[in-house]
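Worksheet for the structure shown next.
All of the numbers you see were taken from the coordinates with simple rules; none came from a lab. Note that the structure is a prediction, hence the values are computed from the model and not measured. All Cβ positions, glycine included, derive from the backbone under ideal geometry; neighbour counts span all protein chains shown.
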Amino acid sequence: MQFSERASFCKNFLAKQLLTLMDEKKTNLAFSVDVTNCQSLLELADLIGPEICVLKTHIDILNDFTIDFTKKLVHLAKKHHFLIFEDRKFADIGNTVKQQYQGGMYRIADWADIVNAHSISGPGVIEALMYPGLTKQRGLLMLAEMSSKNNLTDAIYAQKTLEMAEQFPEFVIGFISQRKLSNNPNWIYFSPGIQLDPGKDELGQQYVTPHTAITHHQTDIIIVGRGILQADDPLAEAKKYREAGWKAYLSTN
Ligand code: S5P
């Protein structure tokens with residue numbers, strides 16, 4: 001089913017917006033802009049923005065963060081039509097997570113369209129994020145599986161995460177996973193651990209190609225970090241990933 005058709009099955013506004021955006025912009029590439037200073041992040045977002053549907057951040061690795069930076073990032077997201085995904089991986093009890101989402105110095109709920117959470121602490125984490133999140137038209141991804149070697153997210157864990165998400169379709173938009181988990185077309189699957197050359201890094205990360213992730217594992221969005229960041233020409237490399245991801249999507253439709 002095409003992304004645009006799937007939008008009508010989504011109960012969350014942002015999920016519909018994302019699927020429509022992907023179809024219109026013809027990209028299922030998410031760029032993981034894992035750099036440590038604000039200026040580099042903004043320059044890369046401006047450069048790679050036209051190629052992507054989602055820009056993924058790790059706000060807590062920036063060494064010169066200011067709230068003003070988030071305003072500039074939101075401006076770039078509007079300029080290039082991408083959504084901002086803060087890869088915060090919330091994993092605590094609901095009461096703590098709610099404060100981590102709305103408060104502190106990062107004020108994530110104010111600028112991130114999408115955040116993600118581990119299911120390890122139970123559905124309270126979703127409820128905690130949902131009340132502030134829905135008032136700002138945000139969406140949540142649940143971490144059902146991880147890309148790293150010997151991780152603990154086995155098939156039972158992934159299935160239980162799916163069942164937890166099924167209780168909150170108005171807020172959960174999909175999963176961080178290595179494969180499709182359900183036949184319900186409303187879920188959007190984001191897969192990290194993607195490079196054009198499969199392999200691994202020295203700290204347990206494992207890579208498959210865009211083709212394998214989308215055609216064999218039936219995921220939707222490829223998350224690429226160092227595959228683009230460490231290239232001599234990040235823009236040219238992003239275009240290669242975009243093309244590989246979109247070609248694989250078209251081959252399944
Ligand atoms: O299972 C996971 C989940 C995530 S969100 N494995 C991951 O690698 N990630 C994130 O995706 C990770 O935190 C990093 O920001 C990105 C992958 O980066 P790369 O440089 O290995 O492509």
**Fill in**
Filter segment 207-223 for residues that are in a strand (DSSP E or B) and more than 9 Å from the ligand (Cβ to nearest atom); the one that is nearest to LEU141 (Cα to Cα) is ILE221
**Request:** Take segment 158-190 and flag every residue that is over 23 Å from GLY133 (Cα atoms) and within 16 Å of the ligand (Cβ to nearest atom).
**Result:** ALA158, GLN178, ARG179, LYS180, LEU181
**Message:** Scan segment 118-132 and tell me whether some residue there is free of Cβ contacts under 8 Å to residues at least 60 places away in the same chain, within 12 Å of the ligand (Cβ to nearest atom) and within 27 Å of GLU51 (Cβ to Cβ).
**Reply:** no
**Message:** Whether any residue in segment 59-74 is touching a residue at least 60 places away in the same chain (Cβ under 8 Å) and either of a type in the set (Gly, Ala, Ser) or crowded, with 18+ Cβ neighbours inside 10 Å (or both) is what I want to check.
**Reply:** no
**Item:** In segment 23-58, the residues that are in contact (Cβ under 8 Å) with a residue 60 or more places away in the chain and assigned to a helix (DSSP H, G or I)
**Value:** LEU44, LEU47, ILE48, GLU51
**Request:** Could you check LEU152 against (1) crowded, with 20+ Cβ neighbours inside 10 Å; (2) more than 19 Å from the chain's Cα centre (by Cα); (3) of a type in the set (A, V, I, L, M, F, W, C) and say which number it fails?
**Result:** (1)
**Fill in**
The residue that is nearest to the ligand (Cβ to nearest atom), considering only those in segment 224-238 that are charged (D, E, K, R) and either under 17 Å from LYS26 (Cα atoms) or surrounded by 13 or more Cβ atoms within 10 Å (Cβ to Cβ) (or both), is ARG226
**Request:** Evaluate segment 144-154: report whether one residue or more is in contact with a Phe, Trp or Tyr (Cβ under 7 Å, 6 or more places away or on another chain) and either within 13 Å of the ligand (Cβ to nearest atom) or among the acidic types (Asp, Glu) (or both).
**Result:** yes
**Asked** What pairs can you find where one residue is in segment 200-211 and under 19 Å from GLU237 (Cβ atoms), the other is hydroxyl-bearing (Ser, Thr, Tyr), and their Cβ atoms are less than 6 Å apart, with a gap of 6+ or different chains?
**Response** GLN205/SER148
